[in-house]
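The values are calculated or read from the model by the stated rules, or taken from the named source; none is laboratory data. From a predicted model like this one, the values you see are computed outputs, not experimental measurements. Reconstructed Cβ throughout: ideal geometry from the backbone, glycine too, with neighbour counts over all protein chains shown.
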Amino acid sequence: MVIVFALLALTVLVTANWYLWRRLFRDTTRAPGPARRAGAVGIAGGWALAVGALVAERADAPFWLQRTLAWPGFLWLALSLYLLLAVVAGEAVRPLLRRFLQRRARDRAPATAAGIPRPEPVPAGGGAAETVAEGEQTEPESAPLAVDPSRRLFVSRVVAGTAAAVAVGTVGAGTYGVLNGPGVKRVTVPLAKLPRAAHGYRIAVVSDIHLSPVLGRAFARKVVDTINSTQPDLIAVVGDLVDGSVRNLGSAAAPLAGLRARHGAFFVTGNHEYFSGAAEWVDEVRRLGLRPLENARTELPYFDLAGVNDVAGEDEGQGPDFARALGDRDRGRACVLLAHQPVQIHDAVDHGVDLQLSGHTHGGQLWPGNLLAAAANPTVAGLERYGDTQLYVTRGAGAWGPPTRVGAESDITVIQLASRQA
């Protein structure tokens, strides 16, 4: 089954890229030549860089090699997606533009034939037959229009050029948005069990920072400065902090030592920590001053704060353990749970959690990726209720793969708890 799926995916990928090459290069040139060859090399080379970047990251290759491959390889993933979408959209424009040009050419043709001006139309009821200019032949209005090869080439070039401009502009704007740093989103969440004294308590929630060969120390500093500017009472880092080893990214994560909150900063693992050496990263964030919650709970003055490992840890015997984190708690107190993936909400409901804070989805990151994210997660972004438990999913601060977001801007969310007793 896995082999069949892999072959199907490869077939779709090859077909899509052949179609892209055809529309951008073959259809926009008169004959085989350097432009077509350059297009084939460019598309194939882009995918070679993308695959190389993915393999180098997972294999923990020398960091200089990861950085060399990451920028062009990951950006190609985003660019190829929007090139394909733009070219497909152009299929609807192509026949309309061709027909417009054909009709305009036909209407102008009599005026230029042998220098004889086109006759004026006969007024209705004039009784005179319509004069036909010398050399002009009439044709029924419904006759099919011939396709001029030069006109077809012009249309292909216009559509391809527009598609390329739209794709480059989309990826450029989406990349600038990520590199510029996340914005701040504020959400008020009422909790029935929260005491009146905790009304207005602020939790800064950040997920999916994804420090990597692309997003490094400068990006981490922006995230830290943004969080600190909200003056939170507590900071929750809910997974996918990194894409790489402590050896390569330890210096990039160093600014996290500057996080400041009245009741401290807490951390739970995401699935990418288990691709990057979770045990080492847990030790590293602890050294930086964050408190890891590994299937554990702490009692804060106004509520219980618990955290569970990500489900990806199950392969290493370090998966989530809700019974250990929540089994013996006082259910008369409000409970906030940190869990990287929204799918963990069902266990949270079973254990009487009042609010679960998650990330993982990136809000889809690259439209229409939100459709895929919605199919795999109960909530893609925002606040929803499941029974007596509320789930908030942040879209995350960074980006995985392409440092680009389209239709899913990055954010750090300040959750302001509200007491119903206030």
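Computed quantities for the displayed model
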| read-out | value |
| --- | --- |
| Test for Arg287: is it more than 30 Å from Leu81 (Cβ to Cβ) and touching a residue at least 12 places away in the same chain (Cβ under 8 Å) | no |
| In region 279-291, the residues that are within 29 Å of Gly200 (Cα to Cα) and surrounded by fewer than 19 Cβ atoms within 10 Å (Cβ to Cβ) | Arg286, Leu288, Gly289, Arg291 |
| Subset of region 255-278 that is modelled with pLDDT under 95 and surrounded by fewer than 19 Cβ atoms within 10 Å (Cβ to Cβ) - its residue that is farthest from Gly398 (Cα to Cα) | Gly277 |
| Qualifying residue in region 305-315 (condition: in contact (Cβ under 8 Å) with a residue 60 or more places away in the chain and surrounded by 15 or more Cβ atoms within 10 Å (Cβ to Cβ)) | yes |
